[in-house]
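Just below is one structure, and these are the notes that go with it.
The values are calculated or read from the model by the stated rules, or taken from the named source; none is laboratory data. Computed from a predicted model, the values in this text were never measured in an experiment. All Cβ positions, glycine included, derive from the backbone under ideal geometry; neighbour counts span all protein chains shown.
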Amino acid sequence: MGRGAPITVGRGFPDGRGGFPKRSMTGSLRKGWLIGGFVFLWLWLPPAAGAQRASIRDVLVKESNGAWKVSFSVENCFTDKMEEAVQTGIPTTFTFHIQVYQTRNWWKDRKIAAVQFQQSIQYNPIGREYQVTFGEMGSEAARVTSSLEEAKRWMARVQDKEVQLTSPVRTEGITYLRIKAELDPVKLPLHLEYLFFFVSLWDFETDWHVETLSP
């Protein structure tokens, strides 16, 4: 039996050593690094000139059956980059902290109440709608809108959040609350995680806003 003609290894076919030609794998890697490079530049571009820091505003506190109901807004919490990322379907979560303290002489202030909760926004490109989820300790409620501006207003507003006492209020000392909002680190798509393992999309964190509750 004579030796047959040599087999030409074409693109996408085994190369005779159990694998595929390096050219196709090199092309995939090059494409992956190119995408990664674009995302890297987008993440690290400096913020727009004149960008304002997010802050807590319009705080309203009401007493209700031995607890407080707290309402407030977060001003300047959405940047252009954040809006672009939301439009791609990346879920974005704000975490809110409310703490109540009472002053003490010659000792650190005493914490008498605290609550932490989240609000999240995610865009559905198929339905072309935004879902804002309000959740705490497993209980969640959601609202849906086709307007980005309306969804941003929902995300930036906390209304009548109940804060329960964990310790009794004493007659001496000043009672005050602190409010803070921050953006949770964003989990990148799986094919980019190896590039940006320690990177989050934005740096978002307000200062603590202090509000006196009683003299």
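Below are the figures for this structure:
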quantity: Flag for Gly135 being surrounded by fewer than 17 Cβ atoms within 10 Å (Cβ to Cβ), under 19 Å from the mean Cα position of the chain (by Cα) and either part of a strand (DSSP E or B) or not charged (D, E, K, R) (or both); calculated: yes
quantity: Test: residue in segment 48-59 that is surrounded by fewer than 19 Cβ atoms within 10 Å (Cβ to Cβ), aliphatic (A, V, I, L, M) and at pLDDT 85 or above; calculated: yes
quantity: Residue under evaluation Thr88, criteria (1) surrounded by 15 or more Cβ atoms within 10 Å (Cβ to Cβ); (2) at pLDDT below 90; (3) over 29 Å from Val210 (Cα atoms); (4) polar (S, T, N, Q), criterion not met; calculated: (1)
quantity: Meets criteria (of a type in the set (A, V, I, L, M, F, W, C), modelled with pLDDT of 90 or more and outside any helix (DSSP H, G or I)) for Phe117; calculated: yes
quantity: Subset of segment 190-215 [more than 18 Å from Val74 (Cβ to Cβ) and at pLDDT 55 or above]; calculated: Thr212, Leu213, Ser214, Pro215
quantity: Qualifying residue in segment 162-177 (condition: within 16 Å of Val132 (Cα to Cα), surrounded by 13 or more Cβ atoms within 10 Å (Cβ to Cβ) and modelled with pLDDT under 95); calculated: no
quantity: Residue in segment 91-98 that is under 14 Å from Leu213 (Cβ atoms), in contact (Cβ under 8 Å) with a residue 12 or more places away in the chain and surrounded by 16 or more Cβ atoms within 10 Å (Cβ to Cβ) present; calculated: yes
